[in-house]
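The values are calculated or read from the model by the stated rules, or taken from the named source; none is laboratory data. Computed from a predicted model, the values in this text were never measured in an experiment. Because the Cβ atoms are built from the backbone with ideal geometry, glycine has one as well, and the counts that use them run over all protein chains shown.
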Amino acid sequence: MQYGAAAAEQAWYMPAAAMVTAAAAAETAAERVERLASESAVVVFSVSSCCMCHAVKRLFCGMGVHPAVHELDLDPRGRDLERALARLVGAGGGAAAAVPVVFIGGKLVGAMDRVMAAHINGSLVPLLKEAGALWL
């Protein structure tokens, strides 16, 4: 993945809040993941070229949930965040195993397999309702 090149080419896409500030630069990748995960009801850490990431984002949008999406390949510190996420979900296999990672209500749900399992067994909707991401 071309983290540096993608971030430089698509800097116009990055919201001002996502730009690294002096205070944000001092926090570790794990602290940043924790902070970002707690800022919205549903948070997806993704890579823009990942088909599984696209699928999980479409699942949520199809349910009427609009998650906060953090594209790691567009973030200057994306590699560090990806390593921190891989440690959280226990993925030792690199980028393919580390994304997407989903947090609901500030709590780690996990990667695509966990999200789909929760969707199939019916526990995803109650999680989304509890987090305030879904009202129906």
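See the values below:
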| read-out | value |
| --- | --- |
| From Tyr3, Tyr13, residue being modelled with pLDDT under 95, buried (at least 16 other Cβ atoms within 10 Å of the Cβ) and more than 12 Å from the chain's Cα centre (by Cα) | Tyr3 |
| Identity of the residue in the range 97-136, part of a helix (DSSP H, G or I) and of a type in the set (Lys, Arg), that ends up nearest to the chain's Cα centre (by Cα) | Arg114 |
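Residues checked against (1) surrounded by fewer than 17 Cβ atoms within 10 Å (Cβ to Cβ); (2) at pLDDT 95 or above; (3) more than 19 Å from Gly106 (Cβ to Cβ):
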{"residue": "Ala41", "(1), (2), (3)": "no, yes, no"}
{"residue": "Val44", "(1), (2), (3)": "no, yes, no"}
{"residue": "Ser48", "(1), (2), (3)": "yes, no, yes"}
{"residue": "Val56", "(1), (2), (3)": "no, yes, no"}
{"residue": "Phe60", "(1), (2), (3)": "no, yes, no"}
{"residue": "Pro67", "(1), (2), (3)": "no, yes, no"}
{"residue": "His70", "(1), (2), (3)": "no, yes, no"}
{"residue": "Arg79", "(1), (2), (3)": "yes, no, yes"}
{"residue": "Ala84", "(1), (2), (3)": "no, no, no"}
